[in-house]
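Beneath this line is the structure, given in structure tokens, with notes to follow.
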Amino acid sequence: MTGAIGQAADVVIIGGGMAGLEVAGLLAETGVEDVLVLESGPQADSRHNNMALTNPDALRRWLAPETDPYFERRWVSRTPPHYTGPSGLRRRLGGRSLYWYGVCLPVDDWARADWPQDVMADLAVSWQGGPSLYDRTRAMLRRWSGGDDTPSRPDLHLGDLAFAPTPVAVRADGDRWRAYSPLDRWRDPEVGGAPTLPPGVRVALGADVRDVLLDAGGRAMGVRFASADGETEVRATSVVLAAGTLENTRLALQAVAAVDAGRRPVIGTLNDHVVQGFFLRVDEPALAAVQDRLPRGGRCSLGDGRSRSNVFVDVSAGNDGTGLVDVRATGEQLPDDACRVTLEHTAEGRRLEVFATPSARDRELIAAQRRTLAAVWADLAAILRLPEGRLDFGDFDSPARVNAFVLPETIDSAPTGTPLTWSSYLGVEDHEAGTLPLGSFLDLDHEVRQVPGLFVAGPSSFPRMGAANPSLTTLSLARRLAGVLAERRGAGVPAVSAEARA
């Protein structure tokens, strides 16, 4: 435990990951003085996964969850293999912010019409009479990473696509690197250690939240959590769900069921990204010979509303002196009744069940992605003077490989010059979203319509995902939610450029 818990707090935030810690940090900067963060896991090593471990070990901990002592899955998948394997929580202070790769893309232009107009205007046009939320978040991340705001230009062309350097919030340190974490405000990101919290912010570790407490009128009034000390109740003026999409969904379903017993505990708007690609091992001399046409580093090509997919190309050194070309398409899964979350009551207690299968529209997207990847491979083969061959992915639900194939124990034995395809099951990208959307389940202040005083942060609040990685929008909406909570308390809005330690 960091700081005394006490019996009450002004704002209780459930979840000490990307969204929860960002909201807490921004509230502290506005002068809100009584914030309690409840994190179900321990503090552990507070450094980013790729700063604490070598690249192979960090990759293994990410893709092989049985090697991560902080991994836990709290739901049952009724449609395996989707939402199994590496689909789960990282129960530690910092959460997924200590694992992500730093990609920072806004919600795609073509997906914005399904967002509430006021929310999207705050994100992309102007917020509180100043720069937009996206601009404020980008400015903070640029300052943190030491980058500049020079627009990147396409410098790679493959398969009729133009690729520009991928915008990332990453800092390198020799052969290791780290992506931004809200913890960077409070601890040295290279050394780690316990965070030095600002006045007014407390963190309770090992606090497993069971329920949101409601008063007689159905308003959120606190939480009940279990820890090594037994069960504890903490009263609060406002409660923020920031525990990840599926945990947020569980707690929200429980709260709504308490005020509306007739409501069926089912939410049918769960969605994730559809991701597939191929790995290519290349002899280093062959890769070096075409560096002007196939530069090192990460690049992306942003799709349109027809393709609904972004394509990424990463060229790097392999684990054994070869080069590695990693090509992948990340596409939007549209909400469908085939993907839903239910809260079941069993003899052992309440259990979250996930149903997720690709819809007919998803199958069309999968086929289109494979055509795009085949065109990219054809151009790569020509550049590298390799026989083109055919990309064989297999069935999406039982693919030839999953992305864990890139682990050293498998990729290092793969032949050079041969593309090796893979597909990700739904739910394993850690991009699951959309169950508690702004403008419907939530009002425009991020508050659950049926449960006043209960707020939601993170991708579960996205009305539509698009193809973009969710973190830039998660951080930007955290600033917006912190502004709502601060304004209700008569405090200032979060600063235009909140500092994080470099």
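The values are calculated or read from the model by the stated rules, or taken from the named source; none is laboratory data. As the structure is a computational prediction, the values presented were derived from the model and not from experiment. Here the Cβ positions follow ideal geometry from the backbone for every residue, glycine too, while neighbour counts run over all protein chains shown.
This table checks each residue for (1) assigned to a loop (DSSP other than H, G, I, E, B); (2) at pLDDT 95 or above; (3) among the charged types (D, E, K, R); (4) under 27 Å from P265 (Cα atoms).
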| site | (1), (2), (3), (4) |
| --- | --- |
| L334 | yes, no, no, yes |
| R351 | no, no, yes, yes |
| D362 | no, yes, yes, yes |
| I366 | no, yes, no, no |
| R371 | no, yes, yes, no |
| L380 | no, yes, no, no |
| S413 | yes, no, no, no |
List every residue pair whose Cβ atoms lie under 7 Å apart, where the two residues are 6 or more positions apart in sequence or sit on different chains, the first residue falls within region 24-47 and is over 15 Å from P69 (Cα atoms), and the second residue, located anywhere, is modelled with pLDDT of 95 or more and in a loop (DSSP other than H, G, I, E, B). V37/G16; L38/A207; E39/G15; E39/G16; E39/L93; E39/A207
Filter region 303-318 for residues that are crowded, with 18+ Cβ neighbours inside 10 Å, part of a loop (DSSP other than H, G, I, E, B) and not basic (K, R); the one that is nearest to the chain's Cα centre (by Cα) is G303
Hits in region 95-120 - residues which are part of a helix (DSSP H, G or I) and more than 16 Å from S461 (Cα to Cα): G95, R96, S97, L98, D109, W110
Determine the pairs where a residue that is over 16 Å from S77 (Cβ atoms), located within region 420-440, has a partner that is part of a loop (DSSP other than H, G, I, E, B) and of a type in the set (K, R) with Cβ atoms under 6 Å apart, the partner being 6 or more residues away or on another chain. W422/R401
Of residues in region 342-361 being under 16 Å from V428 (Cα atoms) and hydrophobic (A, V, I, L, M, F, W, C), the one farthest from the chain's Cα centre (by Cα): F355
Pairs with Cβ under 9 Å, 6+ apart, first in region 349-376 and of a type in the set (S, T, Y), second outside any loop (DSSP other than H, G, I, E, B) and buried (at least 20 other Cβ atoms within 10 Å of the Cβ): T372/L161; T372/S309; T372/V311; T372/A329
When residues of region 176-216 are limited to those that are closer than 16 Å to A24 by Cβ and among the basic types (K, R), the one modelled with the highest pLDDT: R202
Hey, could you check region 217-253 for residues that are modelled with pLDDT of 95 or more and part of a loop (DSSP other than H, G, I, E, B) and say which is nearest to E33 (Cα to Cα)? A242
Can you confirm whether R328 is under 26 Å from the mean Cα position of the chain (by Cα) and of a type outside the set (A, V, I, L, M)? yes
Looking at R296, R281, R263, R306 in this structure, which one is without any contact (Cβ under 8 Å) to a residue 24 or more places away in the chain, farther than 25 Å from P463 by Cα and of a type in the set (K, R)? R296
Among the listed residues T330, T346, which satisfies the condition of being at negative phi, polar (S, T, N, Q), free of Cβ contacts under 8 Å to residues at least 12 places away in the same chain and out of contact with any Leu (no Cβ under 9 Å at 6 or more places or on another chain)? T346
For R60: the one exception among (1) under 20 Å from Y180 (Cα atoms); (2) part of a helix (DSSP H, G or I): (1)
So which residues in region 135-160 are buried (at least 21 other Cβ atoms within 10 Å of the Cβ) and closer than 15 Å to L302 by Cβ, if there are any at all? L158
When you look at E388, is it assigned to a loop (DSSP other than H, G, I, E, B), touching a His at 6+ places or on another chain (Cβ under 9 Å) and at pLDDT below 95, yes or no? no
Is it true that G174 is without any contact (Cβ under 8 Å) to a residue 40 or more places away in the chain, on the phi > 0 side of the Ramachandran plot, of a type outside the set (S, T, N, Q) and surrounded by fewer than 21 Cβ atoms within 10 Å (Cβ to Cβ)? yes
Check on G262, of a type in the set (G, A, S), part of a loop (DSSP other than H, G, I, E, B) and surrounded by 16 or more Cβ atoms within 10 Å (Cβ to Cβ): no
Those residues of region 315-327 which are free of Cβ contacts under 8 Å to residues at least 40 places away in the same chain and not β-branched (V, I, T) amount to S316, A317, G321
Could you tell me whether region 447-463 includes any residue that is loosely packed, with under 15 Cβ neighbours inside 10 Å, modelled with pLDDT of 95 or more and under 22 Å from G15 (Cβ atoms)? yes
For region 169-205, what are the residues that are part of a strand (DSSP E or B) and either basic (K, R) or closer than 14 Å to L36 by Cα (or both)? R171, R176, R178, V201, R202, V203, A204, L205
Residues of region 57-80 being surrounded by fewer than 18 Cβ atoms within 10 Å (Cβ to Cβ) and either under 28 Å from G321 (Cβ atoms) or in contact with a Phe, Trp or Tyr (Cβ under 7 Å, 6 or more places away or on another chain) (or both), which ones? D57, A64, T67, R78
Among the numbered criteria (1) within 19 Å of the chain's Cα centre (by Cα); (2) closer than 29 Å to E66 by Cβ, which single criterion is violated by T421? (1)
Looking at region 40-56, which of its residues are in a helix (DSSP H, G or I), buried (at least 18 other Cβ atoms within 10 Å of the Cβ) and touching a helix residue (DSSP H, G or I) at 6+ places or on another chain (Cβ under 7 Å)? N49, N50
Going by what's in this entry, would V428 be described as more than 17 Å from the chain's Cα centre (by Cα), among the β-branched types (V, I, T) and part of a loop (DSSP other than H, G, I, E, B)? no
In region 122-149, what residues are of a type in the set (D, E, K, R) and over 23 Å from the mean Cα position of the chain (by Cα)? D148, D149
